[in-house]
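The structure appears right after this line, and notes come after that.
Derivation of every value follows stated rules applied to the coordinates shown; laboratory data play no part. This one's a predicted model, so the numbers in the text were calculated from it and none came from an experiment. Cβ coordinates were reconstructed from backbone atoms using ideal geometry, including for glycine residues, and neighbour counts include every protein chain displayed.
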Amino acid sequence: MTLELHIRESVIAHAITQWVQPRLFTRCVPTPLPVIVDHLDTVPDSVAFAQLADGSIEVSLAVRVFVVLEPDLRATPGAPASHPATGDIVTKIIIGIRDRALVILDATAPPTAGLPAEATKAVNDQLAELKGQQLFDVAPIVTALEARVPAEPDLALGDNVLALRFGADGAFTPQLDSTLTPPHDWGVFLDADQTLDLLRRRIPPSIPVQLHWQPNGADPAIGASISYQLEFVGVEVASAVAVLTVTPRFVAPSTLRLAASWGINLTGVASPFEAEARKQVRSLVRRTFVTATHDGPQSFFYDIPLPALPDILGSVPSWGGIGSNTEGMTLGGPVRPVLPAPRELLDITVFRFGRPVWWGSCRERAKVGSGNPPRSFAANSPGVRVQAGVNFTDAGALCSATLYPPNEHLAANLGVGATGAGFDMTVGQARAITSDVRMLVRTARGARVVDLGGPSIRQKDDGTLDVQVNYLDDCLYLSGPWLKVVLGQSLTLDDLMTGPLEDPDWLAHLGAHRGFNSHIVTLDGLTAGEAVTVTAPGLRATVFADESGHAVVPVFAAIGAVARDVTVERASQMPLTGSISVETTEFRWLSDVGEADAAAVRDLAGTVFLGRSLRGEAFVDEWQPDGETMLLRRDGGEVELNPQPLPPEPPEAARLAAAAGLDDVVSAQLVPGFDARLAIVQTKEGRGMIVAPGSRTQVVGEWEGPLIGVHVAGGYALARSGGTVQLLSVHRPGRVTFRDRVPVTG
């Protein structure tokens, strides 16, 4: 009997890469000048798997070393080296077995010719923490399934899948693609004998039974025949057979159910005894499966709780489905990848020496005076300082800050930290600086030579010190009704009324005061189950690719004078090599219609009529973009309009949510401009989800952003935002497809 754990190589590769990368992000490599290790990064595409002679698995991962020379940095102060040299340290990570778990046995970085030995040591220091890390323990699953497995498992590779096998004999056949739909990232395979044993262990040994593995395609099924000897009036007169069909099913979130239905074969039982025979067999079946839950006259089930799953270096597997083939059955699911580790490089902001500065605020000075800033300064005036420095962004860690001659003596005045380095001196201390101050800054994410210049300490014509005044006027001033009270004026009722609370304004949330573009972005060439994240101002959407590597995501982007950035990222950090298709519907803002409980728009021969219902009263307006007033009141009899509630409640969106199994939905909207292509729904818990129709309607992603409800009628649309109804025009420019990053209009 065989039990095997299958995990896609891509899952392990991503987990190891993202485990190593954040540690490199903060790693300093102290090398003697002029050589400087600028930064270290993993190379995700470099991961490779190989089986060693002793049966263990070797995972190789390249760490790229970026090397710069200090003279090159001095030549361009403030800028990174233009052409850093690079080389790769190929690390070797050994995966083996400890008890019943996949474990990293060793992780080393061999010396690499042409690269600083300090870089290799730094990588080895980080890899030391990886040794002994457990990737996946199968023992809880074996215990839950009560599986009988041999003590000595082995490892195997095949078709980009790594397997930990118990009792396997012969070549390895991955089961993730062949048995699970959609294909999953990991799974536990039970061969036919192991699967039959799930039922066999629940039948007393004294009862004769025949078991057969008879899957129905991808649906697992067990056939069973149990013989019973029947007695009538104390005399054994015949035998009957209970014929069972047992279907293993996955019940979310983590239960394996053995659901059985059965019938009776009464061949050989005389007709006068058939009723009594059925009664006896029903009683015998219940006594045979005494611990089962009998949910019908001739049906029962066993529920087997599946254990919680350990994370794989931060990536989280989950139970998600069941499948089968002629070889056996696989329980498995997706793996939510650990978030990509940072790869940003050092960015700096330099504040050079200049005039002495004085910092102050109205509140502080008002404690002892008027609150106004001083009118003149001397070198020893309180708060007068001479300052310069550099701020770091994405430094990872500050490794060192070294002053160049002849200003080494200023090191005692240099303040350093993870976010910057700089000087905060008195005027007297600054007078000792007679040449420009330069320093070499080394961080884990880059090195720079910083030129801070020199102080400019001058006397004004009146003999006072020339100082830059930085004054914050943060005092509180009386206004409105409070000022009237102080002045002795009378208050009115209007003075005591609070302002109205604003309704949620999703147009402002998106910055879409000129309107917005509604996009459906289609991506191909992805890995099945892979997460793709799209971010735009005011929203974030994460979708998961289907079994064909296809993902569809909605995006809303404000129309403005400047194009808004929309970012599409794969969780694997791999480039988007497949085609990207963008379909767009443009909604341009035309007018604020006013308050309404319900509204409608209709275009009659080029004339646009708007109907509104507000507190039981009906209004009809004509939109006149070139008139003195944009909305001209009309007689309600001129046009037939049927105002609808806003935001709309499209039944198609509700049906999609119900078909996807979402029963706690409080709001559901279709992506505007597309006929029921995608729906965005919100649950009682406040979670936003993206639902797509198809042969199997399902939740395809998560949504963080506003729910945009738009009522479209021909070339116009209505939406509620900020407490009033907005009129928008509707245009459908079409589709643009990008292949190899080149747009091709479709």
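For the reader, a short list of remarks on this structure follows.
- Taking a straight line from the alpha carbon of K367, these aspartates and glutamates sit under 14 Å away, with near neighbours fewer than eight places off in the same chain left out: D473, D474.
- Excluding exposed DSSP-loop GluC sites (Glu not before Pro) (at most 15 other C-beta within 10 Å), longest clean stretch of the chain: 147-343
- Packing-based ranking, highest mean first, of 532-538, 432-438 given that Cβ atoms within 10 Å are counted: 532-538, 432-438
- Using a Förster distance of 22 Å, the FRET efficiency for L614-R655 (Cβ separation, nearest 0.05): 0.15
- Projecting the Cα atoms of G454, L196, V730 onto the charge dipole of the chain, computed from C-beta unit charges around the Cα centre, puts G454 farthest toward the positive end.
- Selection among L526, P307, V123 by position relative to the dipole of the chain gives V123 as farthest towards the positive end (Cβ unit charges, Cα centre).
- Dimensions in Å of the chain - Rg and Dmax from alpha carbons: 36.3, 129
- Size of region 1-67 from its Cα atoms: along the principal axes, largest to smallest, the extents are 62, 24, 17 Å.
- Looking at region 175-343, the pairs of alpha carbons with a distance over 21 Å make up 55% of the total.
- Pair K367, V736: separation of 7 Å Cα→Cβ label points (nm): 5.7
- Alpha carbon centroid spacing (whole Å) that separates region 209-228 from region 563-592: 51
- Once the convex hull of all Cα atoms in region 347-472 is built, its volume per residue stands at 116 Å³.
- Gyration tensor (alpha-carbon) shape descriptor, region 506-745, a/c threshold 1.5: prolate
- The packing ranking, built from the mean of other Cβ atoms within 10 Å per residue, places the peptides 715-727, 246-258 in the order 715-727, 246-258, highest first.
- Taking all pairs of distinct alpha-carbon atoms in region 3-140, Kirkwood radius in angstrom: 16.4
- Label-point separation, L69 to L157 (7 Å along Cα→Cβ), nm: 4.0
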